[in-house]
1. Can you sort 174, 230, 72, 132 so the residue with the fewest Cβ neighbours within 10 Å comes first?
2. Does segment 210-279 come out rounded, prolate or oblate, given a ≥ b ≥ c as the square roots of the eigenvalues of its C-alpha gyration tensor, rounded meaning a/c under 1.5 and, failing that, prolate meaning a/b above b/c?
3. Is segment 190-318 rounded, prolate or oblate when judged by the Cα gyration tensor, a ≥ b ≥ c being the square roots of its eigenvalues, rounded requiring a/c under 1.5 and prolate requiring a/b larger than b/c?
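Read-outs throughout are calculated quantities, based only on the coordinates presented, and are distinct from any laboratory measurement. As the structure is a computational prediction, the values presented were derived from the model and not from experiment. Neighbour counts run over all protein chains shown; Cβ positions are idealised from the backbone, glycine included.
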């Protein structure tokens with residue numbers, strides 16, 4: 001059994017893990033200061049896949065998994081209803097979200113070919129994951145990736161319909177992701193991805209506020225936002241932690257959308273407190289978006305973070321816009 005499975009778990013006060021979607025701070029580089037880090041030597045693709053499989057088994061038997069799936073299921077049912085999916089398709093597409101598979105039925109075994117269950121019904125969700133972190137060496141990041149893989153299976157989203165990016169991925173981690181069957185984006189989009197009419201779930205745990213702000217800007221219309229689901233930092237929590245002036249000046253789209261969303265918090269259990277703390281499922285009901293003022297929708301300026309202190313995002317240093325990957329959705 002991997003060393004990760006033998007590590008003792010302790011109930012500690014919630015804290016936010018700095019995602020790899022943000023710029024690392026010097027004190028976070030030293031492994032000695034990161035209690036979640038694991039030894040680097042002799043880690044290869046097979047070792048990482050085995051650790052993912054072990055994390056999957058732990059998740060599936062936990063109270064957290066069943067409670068979190070119920071939370072996501074409730075939001076996706078409402079989201080599908082909003083998109084006018086037929087009743088039959090709604091039942092088929094969400095039925096698999098319930099905890100109905102034993103831990104042994106894993107599809108992440110090293111060397112195996114990932115199963116791609118066809119998406120049911122007329123609502124073919126896509127999934128985009130930003131900022132998962134260095135899952136080869138970090139227990140928290142690996143658990144978050146494992147949750148994503150299980151979620152894709154329960155929601156019947158083929159892994160070939162899941163795009164993943166973190167600017168700090170190692171070559172080993174990219175190889176593991178390819179083996180798992182997801183698509184690794186080649187360029188830093190800074191979260192500026194349009195859904196292009198396709199219902200899309202964004203999985204963005206513990207990412208910088210600018211990343212959420214950029215995503216909202218890229219989909220700033222009632223039609224586009226009504227097709228977006230975000231699993232990530234609590235927007236209500238952002239509102240509580242940031243000064244109103246900072247939120248409105250630096251993260252205008254987050255500030256403007258607060259009255260146009262529904263938010264459901266993830267459950268909190270001691271074992272996964274550090275991994276999924278401050279996490280919520282967000283979706284945007286048309287009835288709420290339609291109540292926002294005309295001026296709110298007329299404001300379409302691209303975010304400019306010059307002068308923004310503690311900007312927790314790694315910027316794209318290239319001059320060209322993101323490549324054709326963004327058009328795949």
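1. 174, 72, 230, 132
2. On the way: a/c = 2.33, a/b = 1.43, b/c = 1.63.
Oblate.
3. rounded
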